[in-house]
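The values are calculated or read from the model by the stated rules, or taken from the named source; none is laboratory data. Predicted model, so just to flag it, every value in this text is computed and none were measured. Reconstructed Cβ throughout: ideal geometry from the backbone, glycine too, with neighbour counts over all protein chains shown. Accessible surface is based on the protein model in full, side chains and every heavy atom, while ligands, DNA and RNA are left aside. Shrake-Rupley method; radii C 1.70, N 1.55, O 1.52, S 1.80 Å.
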Amino acid sequence: MHRVVLVVGTRPNMVKAAPLWRILQRHREQFDTYLVDTGQHYDYGLSGIFFDQLGLPSPYACLGVDAGTSIEQIAGMMVELEKVFLELQPHLVAVFGDVNSALAGALVAARMRISIAHVEAGLRSFDYDMPEEINRILIDRVADHLFVSEPSGQANLAREGVDATKLCYCGNIMIDSLVHARAESRKSLILDELRLEPKKYAVLTLHRPSNVDDPAILASLVQTAVQIGSTVPVIFPCHPRTRKGLPQFTGVDNAVGGPLRIIEPLGYVDFLRLQSDALFVLTDSGGVQEETTYLQVPCVTLRRNTERPVTVEVGSNVLAGTDPQAILAAVRSIMEGRQKIGRIPDLWDGRTAERVVQYLSRVLS
Ligand code: UD1
Ligand code: UDP
């Protein structure tokens, strides 16, 4: 019996961990699985609703680490995770993506000589100003099993000298959640609630520090969204980090029929419906770039780079950066019917977690 701990903490972590949890539960004779929530995200709208909608159980432990600075956050999580790992003595710790919770889990497991699985390994933006890039590199350095979601991940790890026997190209686990929730999302009433019609609105999400912590950049992005909104209304479910910088824009809050509608973050099922029926999506999110590629909904990414190049090379994503003219030009192409639809990358098929568990069954036995 292998004792496995899944470490989660943020909204995208829940989306990535839920499929793995589900498949590990099907193999209870082999895996004794525990979920640990660092509490990095703590609002119900960013955390609890994802547990509920994705079928995750109450965690074995919720660490409730106070935010503080990013370093205090990582350090606090590490102190608490050591206690949990000492108690549970896991054989394997699985971490997801590039968030601080994943780094904390990987560093503690590495020092305790516990095997580490990194789900979504090998992605690189080559932009060290992103905290996530540093997290990704550090996690991959200490991970024992690296589960790769797209071809660039494999190439990056090979270039960094990671032993190929540690890699498993298994596809994109976020898409497992999407496929699983698709039918439920079709029942969502969010379009009615927001009085929207399919393909007659756009969606915006923003939360990268480089876009939202600098008031001038945030103001420019919001003004550009308002400009786009004069042609097609823009719905903006707003991350709390971004909300902090928005008081000067409260005038545009929630105006039905207005150009930019700033609303609370949505739960997974409603947001999936909103994305699926959007004319296009504007975002700086990693996961949303991937989900729009799967949904074949045009995506304009408000960043200069992406650690998920398959979404541009194969999928529906274009990188516009933050220059208003470049964003407006990308939107114009879509409005004129020159949108990019792309195709779905290999192994983004809803069965990634099965492949992860098959691989783990083989290597851990
Ligand atoms: C984190 C991840 C980012 C990921 C994002 C997903 C890191 C370094 N960043 O960014 O990679 O894309 O989650 O959404 O791990 N806050 C609340 N309520 C909450 C959570 C946060 O109000 O439930 C506020 C707090 O003021 C907090 C700020 O948002 O200080 C930032 O939260 P934090 O978890 O540090 O980073 P995110 O920006 O959410
Ligand atoms: N998401 C959501 N509601 C929202 C915004 C995003 O359910 O209001 C989902 C989205 O579908 C994806 C995940 O949250 O599954 C992405 O998280 P986020 O953009 O916060 O983080 P990133 O992927 O950039 O790390």
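Data overview
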{"quantity": "FRET efficiency estimate (nearest 0.05) - Cβ-Cβ, D214 to S361, R0 45 angstrom", "calculated": "0.45"}
{"quantity": "C-alpha long axis of helix 11-26 to longest principal axis of the chain, angle in °", "calculated": "40"}
{"quantity": "Cβ crowding within 10 Å averaged over residues, with 339-349, 201-211 ranked highest first", "calculated": "201-211, 339-349"}
{"quantity": "Euclidean distance between Cα centres, region 31-97 to region 163-179, Å", "calculated": "21"}
{"quantity": "Residue-count net charge about Y268 - beta-carbon cut-off 11 Å; Lys, Arg +1, Asp, Glu -1", "calculated": "-2"}
{"quantity": "C-alpha long axis of helix 173-186 to longest principal axis of the chain, angle in °", "calculated": "50"}
{"quantity": "Estimated D of region 149-244 in µm² per second, where Rh is the Kirkwood radius over Cα pairs and Stokes-Einstein applies at 4 °C, 1.567 mPa s", "calculated": "75"}
{"quantity": "Angle between the chain longest axis and helix 215-229 axis [Cα atoms, degrees, rounded to 10]", "calculated": "60"}
{"quantity": "P(r) weight above 17 Å for region 5-129, C-alpha pairs, percent", "calculated": "54"}
{"quantity": "Under 15 Å, Cβ to Cβ, from R111 - net charge with Lys/Arg +1 and Asp/Glu -1", "calculated": "0"}
{"quantity": "Peptides ranked, highest mean first, by Cβ atoms within 10 Å: ranges 325-337, 30-42", "calculated": "30-42, 325-337"}
{"quantity": "Separation of the T165 and Q25 label points, Cα + 7 Å toward Cβ, nm", "calculated": "3.5"}
{"quantity": "Mean shadow area of the chain over all directions, Cα convex hull, nm²", "calculated": "16.6"}
{"quantity": "Per residue solvent-accessible surface (Å²) - the chain, probe of 1.4 Å", "calculated": "41"}
{"quantity": "Highest to lowest packing among 91-98, 356-363, 126-133, scored as the average C-beta count within 10 Å", "calculated": "91-98, 356-363, 126-133"}
{"quantity": "Carbon and sulfur %, accessible surface of region 75-222 computed with the full protein complex present, 1.4 Å", "calculated": "55"}
